[in-house]
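These notes concern the structure reproduced below.
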Amino acid sequence: MILESNGTIDSNGFDVTWNIVNNADALQNSTVSINVNDGLDVTTNAIDATIGALAGGGDLNIGSQVLRIGSNGDDTTYSGALTGSPGGSVVKLGAGTLTLTGTGAGFDSLQIRNGSVVEIDGGNYTTGSSAVTISNGGTLTVQNSGMY
């Protein structure tokens, strides 16, 4: 299956293993929405990937990959569990706001290069050795009982 889109890609009732081989930017304008009972696994990617935005409530495992989120500039909310392993990194791009209400652990770093990341009540994100890096006017807001 070849995925290239400018719209929303919805997991719609199944777990997905996403193996990006040739085009890391194929989904840079798309919102990837993971349904609550579904999951997305990008641990087998041959290259790091960029998605336009992340939404939904299903689990996302990035493994040791770099996943760049937010290049389309949309505001979205993600409430699933975001996990990874050493070497893994989440990079927030674009002017929009990514609101996190779930949990996250295992990946090495969160980089906010533009836009905002808002972590809300009860969502606990722990990163490894590199922790959180903010640049280019990006912002991190931790509300209520959440922690980094």
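The set of residues from segment 94-110 being on the phi < 0 side of the Ramachandran plot, free of Cβ contacts under 8 Å to residues at least 40 places away in the same chain and either surrounded by fewer than 20 Cβ atoms within 10 Å (Cβ to Cβ) or in a loop (DSSP other than H, G, I, E, B) (or both) comprises Ala95, Thr97, Thr99, Thr101, Thr103, Ala105, Asp108, Ser109.
Within the option set Val36, Val91, Val32, Val21, being assigned to a loop (DSSP other than H, G, I, E, B) and modelled with pLDDT of 75 or more holds for one residue only, Val36.
Only residues that are in a loop (DSSP other than H, G, I, E, B), of a type outside the set (Ser, Thr, Tyr) and at pLDDT below 90: list them for segment 129-147, please.
Matches in segment 129-147: Gln143, Asn144, Gly146.
Is it the case that some residue within segment 41-53 is within 13 Å of the chain's Cα centre (by Cα), modelled with pLDDT of 90 or more and either part of a strand (DSSP E or B) or among the hydroxyl-bearing types (Ser, Thr, Tyr) (or both)? Looking through segment 41-53, at least one residue is within 13 Å of the chain's Cα centre (by Cα), modelled with pLDDT of 90 or more and either part of a strand (DSSP E or B) or among the hydroxyl-bearing types (Ser, Thr, Tyr) (or both). For segment 56-73, taking the residues that are part of a strand (DSSP E or B) and among the hydrophobic types (A, V, I, L, M, F, W, C), the one that is nearest to Ser33 (Cα to Cα) is identified as Leu60. Of Gly70, Gly52, Gly57, all but one fail to be touching a Ser or Thr at 6+ places or on another chain (Cβ under 6 Å) and crowded, with 23+ Cβ neighbours inside 10 Å; the exception is Gly52.
The values are calculated or read from the model by the stated rules, or taken from the named source; none is laboratory data. No experiment lies behind these values; they were computed from the predicted model shown. Quick reminder, even Gly has a Cβ in these numbers, built from the backbone with ideal geometry, and neighbours come from all protein chains shown.
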